Amino acid sequence: MKKLFNYLFGLYKENGQLIVKVFGIKIKFKFFGINQLEDVCCIQDLPKFKEQNTYFPHPVGIVIHPDVKIGKNCTIYQNVTIGSGKYSEKTNRAVPIIKDNVKVYANSVIAGGVTIGNNAVIGAGAIVLRDVEDDTTVAGNPARVIH
C-alpha cells in the first residue's frame, strides 16, 4: 500500500527541479536557490564582479547599472541600487565608480557620476549623490560624513 501511495503521490527534488507527483503524473517546477544572483538581482556583468572578489552576503534586490565600475574586495548587501543619475561635468559620466574595499549596506542608493573612495563605508539606507573620500563612513538621506 505504501509503495502504491508513493507512486501516486509524492514531492521530491530531481536534477535541480521540484517534482510533485499527483496520481502518478509528474509536475515539474524549477527550483531556485537563494544564492543564484541571476534570479534575484539585476547585475549584468556578474562574472566580472566575481573575479574581483565582490561579495554579496544577502543577494536579494541588488541593482547595478552595466556601466558602473566596482573595485576589488567590495561588499554589497541586499536591496542596494547603484545606478545612473545626474551627469557630472567634473567626471564626464553619469554612473558611479566604486573603488577597492568599499562596504555598501542594505537599502542604500548610489547614483550619478560620483566616486566612492577606497575603504569607504556606506551606511544602511544612505542616499549617496556626492563623492565620498577614502576611509570615510557616510549615512543618511542625503548621505553625510559620520566618521
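The values are calculated or read from the model by the stated rules, or taken from the named source; none is laboratory data. As the structure is a computational prediction, the values presented were derived from the model and not from experiment. Here Cβ is always computed from backbone atoms with ideal geometry, including for glycine, and neighbour counts include all displayed protein chains. Remember, those area values only see protein heavy atoms, side chains included, never the ligands or the DNA or RNA. Shrake-Rupley method; radii C 1.70, N 1.55, O 1.52, S 1.80 Å.
Side notes on the structure shown:
- Long-range lysine pairs (8 or more apart or interchain), segment 43-147, Cα under 14 Å: 7
- Sparsely packed GluC sites (Glu not before Pro) within segment 35-106, loop by DSSP, other Cβ within 10 Å at most 11: Glu89
- Trypsin sites (Lys or Arg not before Pro) lying in DSSP loop within segment 44-83, provided at most 14 other Cβ fall within 10 Å: Lys72
- In this simple spin-label approximation, Leu46 and Asn118 carry label points 7 Å from Cα along the Cα→Cβ vector, and these lie 3.1 nm apart.
- Largest to smallest in accessible area, the residues Tyr55, Tyr105 fall in the order Tyr55, Tyr105 (1.4 Å probe, all protein chains included).
- Residues whose placed amide H lies under 5 Å from that of Thr137, excluding near-sequence neighbours: Val121, Ile146, His147
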